[in-house]
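Each remark here refers to the structure printed beneath this line.
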Amino acid sequence: PWALFVVIAALLIAAGLHAKKPARASISHAGHAHAKMAVSHPHPAGVAIPPSHVPATLPFPIGENSGVLWNLSSGRLLWSYRPHLTQPYASTTKLMTIYLAEKDLPLLKNIVISPQAAGTPGSDIRMAVGYRFTVRQLLYALMLGSANDASVALAQADSGSVPAFVAKMNRTAKLLGMTNTTYADSDGLSAGSRGSAWDLGIIARANMQNPLFRKIVRTKETSLPHNPVLRNLNGLLFMDPTVTGIKTGWTDQAGFNLVFAATRTINGHPVTLMGVIMHGQQGFPPVYQDA
């Protein structure tokens, strides 16, 4: 009888310990293993660390190798797959560029385009040396047209040179808790500008707190000097009326990256969702479908 009593008591104690849930759990870095939020990892500004586990798999296959999805209205992480995998950012680098430019530069300041800005390759708004744009116009060029020349012009106006601006980008990333991020340029052409889906969530959330940023990234089309029609490269805006932004990115090294947001009505209440998917190798349409 005493032995039986000891066994029963041990089972009751074990059951009680098992029932206690930890306040926060660690994140799993294993491929398709279930991901869990980590106490030590910073989260998007103003978003509470979720207390429960989140799935690392979705009910459909995707063509990207990492990502996150947040409910910004409740601060809940809904999905997380290899969120700290470090990869090239491509043009999602510009989320930090616009974050600093909006903070540092007067919107109506006129910027005279330098030879370096005018000669920047890749996506552009056809600048020529000596052209003048306001900061506000360059912000639209940066987000809608993913203009690399606008990125260089803003960097020079902000810090005097691109290297000085990149140093500021890296300091700011550390302050925001973007622990996996390193910037090598202001436009993302370099594979040295790299980081994680988690970190892109942090800078995207910080930007989304700015009303002007929200207005810019949901704009489908605008006109600028020497650019009568500037169309937003984010195809999701034209596919789903609930989408409110945010930024695409592509290079050979990065594949396709996408940071996206949408506001939908659920149970009669507006809910804002924000996600990141990285390193898609199938082209933009599958990336949009996955988002």
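The values are calculated or read from the model by the stated rules, or taken from the named source; none is laboratory data. All values reported here derive from a predicted model rather than from experimental measurement. Cβ coordinates were reconstructed from backbone atoms using ideal geometry, including for glycine residues, and neighbour counts include every protein chain displayed. The protein model used for the area step is the full one, side chains on, heavy atoms only, and it has no ligands, DNA or RNA in it. Shrake-Rupley method; radii C 1.70, N 1.55, O 1.52, S 1.80 Å.
If you go through the stretch 126-137 one residue at a time, do you hit one that is β-branched (Val, Ile, Thr) and in contact with a strand residue (DSSP E or B) (Cβ under 7 Å, 6 or more places away or on another chain)?
As a first pass, look at the stretch 126-137 and keep what is β-branched (Val, Ile, Thr): 129, 134-135.
After this cut, where a residue has to be in contact with a strand residue (DSSP E or B) (Cβ under 7 Å, 6 or more places away or on another chain) as well, the list is 134-135.
Yes: the stretch 126-137 contains one or more residues that are β-branched (Val, Ile, Thr) and in contact with a strand residue (DSSP E or B) (Cβ under 7 Å, 6 or more places away or on another chain).
With respect to residue 153, determine if the residue is of a type outside the set (Val, Ile, Thr), open to solvent by less than 40 Å² (accessible area, probe 1.4 Å), at pLDDT 95 or above and not in a loop (DSSP other than H, G, I, E, B).
Spelling it out, residue 153 is indeed of a type outside the set (Val, Ile, Thr), open to solvent by less than 40 Å² (accessible area, probe 1.4 Å), at pLDDT 95 or above and not in a loop (DSSP other than H, G, I, E, B).
Only one residue in 270, 241 is surrounded by fewer than 24 Cβ atoms within 10 Å (Cβ to Cβ), in contact with a strand residue (DSSP E or B) (Cβ under 6 Å, 6 or more places away or on another chain), at pLDDT 95 or above and outside any helix (DSSP H, G or I), so which one is that?
Result of the check over 270, 241: 270.
Select from the stretch 77-99 the residues that are hydrophobic (A, V, I, L, M, F, W, C) and surrounded by 24 or more Cβ atoms within 10 Å (Cβ to Cβ) and write down the one among them that is nearest to residue 191 (Cα to Cα).
Applying the filter and picking the extreme gives 90.
Could we say that residue 105 is touching a residue at least 60 places away in the same chain (Cβ under 8 Å) and either over 22 Å from residue 187 (Cα atoms) or touching a helix residue (DSSP H, G or I) at 6+ places or on another chain (Cβ under 6 Å) (or both) here? Let's see the steps before the verdict.
Numbers: touching a residue at least 60 places away in the same chain (Cβ under 8 Å): no; either over 22 Å from residue 187 (Cα atoms) or touching a helix residue (DSSP H, G or I) at 6+ places or on another chain (Cβ under 6 Å) (or both): yes.
It is false that residue 105 is touching a residue at least 60 places away in the same chain (Cβ under 8 Å) and either over 22 Å from residue 187 (Cα atoms) or touching a helix residue (DSSP H, G or I) at 6+ places or on another chain (Cβ under 6 Å) (or both).
Kindly indicate the residue of the stretch 115-144 that is open to solvent by less than 10 Å² (accessible area, probe 1.4 Å) and closer than 18 Å to residue 233 by Cα and also modelled with the lowest pLDDT among those meeting that condition.
My answer is 125.
Can you tell which of 103, 168 is open to solvent by 40 Å² or more (accessible area, probe 1.4 Å), among the basic types (Lys, Arg), over 25 Å from residue 237 (Cα atoms) and touching a Leu at 6+ places or on another chain (Cβ under 8 Å)?
Only one candidate qualifies: 168.
Among the candidates 222, 172, 179, which residue alone is farther than 26 Å from residue 252 by Cα, outside any helix (DSSP H, G or I) and either at pLDDT 95 or above or aliphatic (A, V, I, L, M) (or both)?
Exactly one of 222, 172, 179 is farther than 26 Å from residue 252 by Cα, outside any helix (DSSP H, G or I) and either at pLDDT 95 or above or aliphatic (A, V, I, L, M) (or both), namely 222.
How do the pairs read when you match residues in the stretch 213-232 that are closer than 15 Å to residue 94 by Cβ with residues anywhere that are in a loop (DSSP other than H, G, I, E, B) and open to solvent by 40 Å² or more (accessible area, probe 1.4 Å), using Cβ under 8 Å and keeping only pairs 6 or more apart or on different chains?
Matching pairs, first to second residue: 232/220.
So which residues in the stretch 136-150 are within 19 Å of residue 119 (Cβ to Cβ), outside any loop (DSSP other than H, G, I, E, B) and of a type in the set (A, V, I, L, M, F, W, C), if there are any at all? Quick ask: steps written out before the conclusion?
At the first step, the residues of the stretch 136-150 found to be within 19 Å of residue 119 (Cβ to Cβ) are 138, 141-142, 145-150.
If we keep only those that are outside any loop (DSSP other than H, G, I, E, B) too, we end up with 138, 141-142, 148-150.
Matches in the stretch 136-150: 138, 141, 142, 150.
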